[in-house]
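Below: the structure, in structure tokens.
Only the coordinates and a few stated rules stand behind these numbers; no lab work does. In this text, all values refer to a predicted model and were calculated from it rather than measured experimentally. Here the Cβ positions follow ideal geometry from the backbone for every residue, glycine too, while neighbour counts run over all protein chains shown.
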Amino acid sequence: MNMNILVEDFIKVFGGSQEGVHRFLSPGRVNLIGDHVDYNGGFVFPCALSFGTYAIARKREDATIRLFSNNFKDLGIIVADVFNINYEESHDWANYPKGLVKVLQDAGYKIDTGFDVLFYGNIPNGAGLSSSASIELATAIVLKTLFNLEIEMLDMVKFSQKSENEFNGVNCGIMDQFAIGMGKKDHAILLDTNTLNYQYTPIKLQDVTIVIANTNKRRGLAESKYNERRGECETALTLLQQKIDITALGMLTEEVFEENKHLIEDEVVRKRAKHAVYENQRTIKAVKALNAGDLHCFGQLMNDSHISLRDDYEVSCNELDTLVSAAWKNGSIGSRMTGAGFGGCTVNLVKTEDVETFIQNVGNEYQSAIGYSADFYIASIGDGTREI
Ligand code: GLA
């Protein structure tokens, strides 16, 4: 990405000169394994991507905040007052950066003048690669830099999640913000969402490539279904707590779950809990396999993860299943939906020498089954949110 062009765009939109202008990059993320466990106190294994949201920012002397996105030019410049930030439907995407300002102010950080920011993202919107968390962390680092805030990355991560939960009304876990803020080039992060302890794991795949495939299906109803799944897991936890001393489903082994699952009478709720418990254990096993150099075992666990998300957690959809089955047929080492589901992307491990044919065959099968095309990206793992 040529940042000079974005700086030129910034000056065209907001006027003035380059003086006081800062440049930032906040990546997208892809989760390799461990979905719908981050709000169940389980392990996840995401990594930051080498592309994401770019932000060009400059402080102002008055109280006006001006926000512009090259991705939503039609919406024009969105204006807010730094001393009176509210959620406004018509502000659309800009409610994400606005939320960060509000949450940091409420926590006592001094943000007492306005500022201008131009954003540009090359993460496809709604693809489940976390464009919202990416813009949240981008805003957090803009604010840290422009206002000299004493704030650690881990706190920026937590405030970004809080902002999305409370200002934007999406009850997400912490995985996306954590992966984006704390990402490290060529590493995935094994994160224990119960304790926030984490470990970087080098992703040295040698002759294997991570291919992301986008269904191009917009995620309709995803938020309400997401919150519904969270509710079902909470119900399951309360029922299990009658007999077992746990504070999260992620604390259960498969064995203890099997011994106690009769406490959950509702079959649907039992399936949801089963996914949470097994997916967490799968993530732990997958990282062990990876560290032992057993990529085939890692891939098999990815496949099992997809089946569990499809059948027990029921967050997949025809488009995702079509991409995954096509990948399984066309020689993937592992393939699964990634992220929240209901549309969005799959993540695939493919032998590097087969990538071209893989993309062609899976793409053709998808097009003929679904009627429109999928997009494919080669994932390269980048660093977390930073000034550049
Ligand atoms: C979304 C949420 C995350 C996580 C995933 C599913 O991306 O933002 O917190 O729950 O779904 O793993």
If I fit a long axis through the Cα atoms of helix 95-106 and take the longest principal axis of the Cα atoms of the chain, what angle between them do I get, 0 to 90°, rounded to 10?
80
Cα Rg over Rh - the range 144-239, Kirkwood:
1.03
What ranking do 277-285, 352-360 get when scored by the average of other Cβ atoms within 10 Å per residue, highest first?
277-285, 352-360
Taking loop as defined by DSSP and a crowding limit of 14 other beta carbons within 10 Å, which trypsin sites (Lys or Arg not before Pro) in the range 59-156 fit?
Lys110
How large is the translational diffusion coefficient of the range 3-200 in µm² per second when you combine the Kirkwood radius over alpha carbon pairs with Stokes-Einstein at 20 °C and 1.002 mPa s?
127
Mean separation of Cα contacts under 8 Å (at least 6 apart) over the residue count of the range 3-200, i.e. the relative contact order in percent, is 28
If you average 1/r over all unlike Cα pairs in the chain and invert the result, what Kirkwood radius do you get in angstrom?
21.5
Loop-located GluC sites (Glu not before Pro) in the range 192-270 whose Cβ has at most 14 other Cβ within 10 Å (DSSP)
Glu265
In debye, nearest 20, what is the charge dipole magnitude of the chain about its Cα centre with +1 on Lys and Arg Cβ and -1 on Asp and Glu Cβ, if you could check?
460
Measure nothing but the geometry: give the 0 to 90° angle between the long axis through the Cα atoms of 318-329 and the longest principal axis through the Cα atoms of the chain, rounded to 10°.
60
Fully extended, how many nm does the chain gain between Asp266 and Ala369 (0.36 nm per residue separation, minus their Cα-Cα distance)?
33.6 nm
At a threshold of 8 angstrom on Cα-Cα distance, excluding pairs fewer than six apart, so keeping six or more, what relative contact order does the range 210-331 reach in percent?
24
Cα long-axis angle, helix 153-166 against the chain (0 to 90 degrees, to the nearest 10):
80
How high is the relative contact order of the chain, in percent, counting Cα pairs under 8 Å that sit 6 or more residues apart?
24
Sorting Tyr109, Ala94, Ile141 by the position of each Cα along the dipole of the range 3-200 (Lys, Arg +1; Asp, Glu -1; all at Cβ), the one nearest the positive end of that ordering is Ile141
Can you tell me how much longer the chain between Ala63 and Lys351 gets when fully stretched, taken as 0.36 nm per residue apart minus their C-alpha distance, in nm with one decimal?
98.3 nm
Here, GluC sites (Glu not before Pro) of the range 89-159 satisfying both criteria (DSSP loop; at most 13 other Cβ within 10 Å) are Glu150, Glu152
Are any of the pairs Lys158/Lys274; Lys162/Lys217; Lys59/Lys225; Lys204/Lys271; Lys12/Lys98; Lys144/Lys351 more than 32 Å apart by Cα-Cα distance, and if so, which?
Lys59/Lys225; Lys204/Lys271; Lys144/Lys351
How far apart, in nm, are the 7 Å Cα→Cβ label points at Glu258 and Asn84?
6.2
Per the helix-only calculation at 222 nm, which mean residue ellipticity applies to the chain, given -39500 (n - 2.57) for every DSSP H run of n ≥ 4 and division by its residues, nearest 500 deg cm²/dmol?
-13000 deg cm²/dmol
